[in-house]
Structure formats: structure tokens, C-alpha cells
Amino acid sequence: MAAFPDSLLAGYRSFRDDRHAQARGLYRTLAERGQRPEVMVIACCDSRAAPETIFSAAPGQIFVVRNVANLVPPHAPDGACDGTAAALEFAVQGLGVRHIVVLGHGRCGGIRAALHPAAEPLSPDDFIGRWTTLLGPALREIEAGDRLSDDRRQTALERASIRRSVANLRTFPFVSILEERGRLGLHGAWFDIAEGALWTMDPASGAFSRAG
């Protein structure tokens, strides 16, 4: 039987002796009173784009759900159970978050898989292939535009998928109703891993601009 990874144990000891020790009161309060984050972030599983790191978030500050390529499936009450939809329901209805951010990033492997489907799936179930079919509308959006280089096409799809996921958020009645009442804000953002730069989406035009 494989042993628990030493690197994780070392990281835990550092956390216990430093960060937790310095914020013991905060952790105790969160344990006793529960969490009440104002922001939900829907991000990618990619190990290089952790929202808590990008936003220097304190414990209890953001509620995070991560999946391959930071996708939000459209509302499907009769469809299969989806972890992102379940987390969304809890964040909005249970925690009362005031903002939802769909956070994409550069060099996303899930986006690359949609642009360049493998000849053979990674497993007979092809979970990634089936999941990335959600990118179909965003992929058609960029294919309808000008011909792009591979790198620019990748970035274009990463950003188009963020716009599509924000639109899919609005297909959930408990999201759209609260947004219409001014009680919930929906946002898109894209993180450049190489440059460490954050780009935010204009809610009207869908264009991205570099944050200051």
C-alpha cells in the first residue's frame, strides 16, 4: 500500500506551524460560526491556477468549485446530477454569496483537448471528451470569426468558454432572479499563468481587459 505523500505532510506541517498558528482565532471562529463567503469562484482543476493563491484569499473568504476547464453546464433539472450545479445551488441558496466569478486561465488542458481531440481517449469511458462537449457553442463562436494562429485560437476559446459559462449561470432560475433584483453579480476573468496577469470581462461587451 502506498504511503501518504511526504510532500503533502511537509506542506501540512508548514501550514500548521505558520499560517494556522498565526490565524488560530480566525480558524476557530470559522469552525464555530460557519462560513459566510461573499464570493463564489468557479475555476479549473489546473494546479497552476488556484483561486485562493491568485486572489490571496483568507480562509472563509471565497467558496470555490473546480472542474476541468471551469465549465458551467446549463440548467438541466431532469439531467444527471452535476457537482458544479450542486455547489452553485449551495453557494447561492445556502451561503447567500453576492458574486460569482468564472475564472479561466491560459494554456488550459481542457480547452486544448477540445481544440485538438485525441485519436484515442484516455480511458474507455472518455470522461474528458464527454465533458468538453459543453464547449461546442463556444468553439463554434470562434470558428465563425477570423482565422487565428494556434495560440490565439486557444486563448480565444478560453475566453469564449468563460462568456458561455456566465451565460449558462443565467439559465438557473435562482441565479437569474437574484441577478435581476441586484442581489447577485456575475463576472468573468482570465488568468495568464506565464505573466501572472488577471484579465476581467466587461459585462456588456464580453471583452477582456487587464486588471490594474
**Complete:** Cα extents of region 1-101 per principal axis, largest first, Å, are 46, 37, 26
**Request:** Pick out, in residue order, every one of the GluC sites (Glu not before Pro) in region 125-206 that is DSSP loop and has at most 12 other C-beta atoms within 10 Å; say none if there are none.
**Result:** 195
**Fill in**
Cβ density ranking, 10 Å radius, fewest first, applied to 55, 127 yields 127, 55
**Item:** Built amide H within the under 5 Å cut-off of residue 188, gap 5+
**Value:** 102, 201
**Asked** Sorted from fewest to most neighbouring beta carbons within 10 Å, what does the list 95, 115, 103 look like?
**Response** 95, 115, 103
**Item:** Compactness of region 35-210 - radius of gyration and Dmax, Cα, Å
**Value:** 15.8, 47
**Asked** If the viscosity is 1.002 mPa s and the temperature 20 °C, what Stokes-Einstein diffusion coefficient in µm²/s follows for region 151-212 when Rh is the Kirkwood radius over Cα pairs?
**Response** 169 µm²/s
**Message:** What is the angle, in °, between the Cα long axis of helix 24-33 and the longest principal axis of the Cα atoms in the chain? Nearest 10 is fine, range 0 to 90.
**Reply:** 70 degrees
**Request:** Enumerate by residue number the trypsin sites (Lys or Arg not before Pro) in region 1-88 meeting two conditions: DSSP loop (anything except H, G, I, E, B), and at most 12 other Cβ atoms within 10 Å of the site's Cβ.
**Result:** none
**Asked** What list of whole percents do you get for P(r) of region 88-187, with Cα-Cα distances grouped in 5 Å bins up to the one holding the largest distance?
**Response** 2, 11, 20, 18, 15, 14, 11, 6, 2, 0
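Every number here is computed from the coordinates shown, using simple stated rules; none is lab data. Quantities reported herein were computed from a predicted structural model and do not represent experimental measurements. Glycine also receives a Cβ, built like all others from the backbone with ideal geometry; neighbour counts cover every protein chain displayed.
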